[in-house]
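This report refers to the structure that appears directly beneath it.
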Amino acid sequence: MAAPQGPPPSQAHGPPSDQFHGAPSGQSVRERWLAMPPDARQNFQRNAQLWMQMTPEQRNLMRQRENMRRQAITREADAAVRDSGLQLNSQERARFESRYIQERGKVEQSLRQQIETERQKEIPALIQQLRKEFQLDEPRKSPVTKPAASPKSGK
């Protein structure tokens, strides 16, 4: 079964999703849903359907992976604050980390799109190459030579 893209739809654990997506905390779920672009809504619905089809074990595994991903991003955001050399109070630090996470998500999405674009460019050539290789292999699979005469037929 394919894993959902991004965090599972029901996140009753871990930090609030607002921290990772920059949504104002005063917005209702309905307002946030209506503010989503159509493709994001479609993605969310697909993920929700996949989530509902998962076994409890698969859901727990997804939660664990998501928690590990969030921890890694939090560590990297903390390192970004340190590497910046800025002296920030706790509120500024939280804003910096939030922006870092938000902008990093944009960078990662852009890179995924670039990779997909490159993949789509190269796949036709790959298919052509494989077609040629397998067409060359076909004659070897079905030899056209006559069977050898039986040694018992002494004629």
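Below is a table of values for the structure above.
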| read-out | value |
| --- | --- |
| Heavy-atom SASA rank of 33, 51 (probe 1.4 Å, accessible area, largest first) | 33, 51 |
| Extended-chain gain in nm, criterion 0.36 nm per residue less alpha-carbon gap, residue 129 and residue 32 | 30.2 nm |
| Heavy atoms of residue 119 accessible to a 1.4 Å probe, total area in Å² rounded to 10 | 110 Å² |
| By accessible area with a 1.4 Å probe, ligands and nucleic acids excluded, highest first: order of 101, 127 | 127, 101 |
| Inter-label distance, nm, simple model (7 Å from Cα along the C-beta direction), residue 84/residue 99 | 0.6 nm |
| Solvent-accessible area of residue 90 with every protein chain in place, 1.4 Å probe, in Å² to the nearest 10 | 100 Å² |
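The values are calculated or read from the model by the stated rules, or taken from the named source; none is laboratory data. Owing to the predicted nature of the structure, the values given are computational and were not obtained by experimental measurement. Cβ coordinates were reconstructed from backbone atoms using ideal geometry, including for glycine residues, and neighbour counts include every protein chain displayed. The protein model used for the area step is the full one, side chains on, heavy atoms only, and it has no ligands, DNA or RNA in it. Shrake-Rupley method; radii C 1.70, N 1.55, O 1.52, S 1.80 Å.
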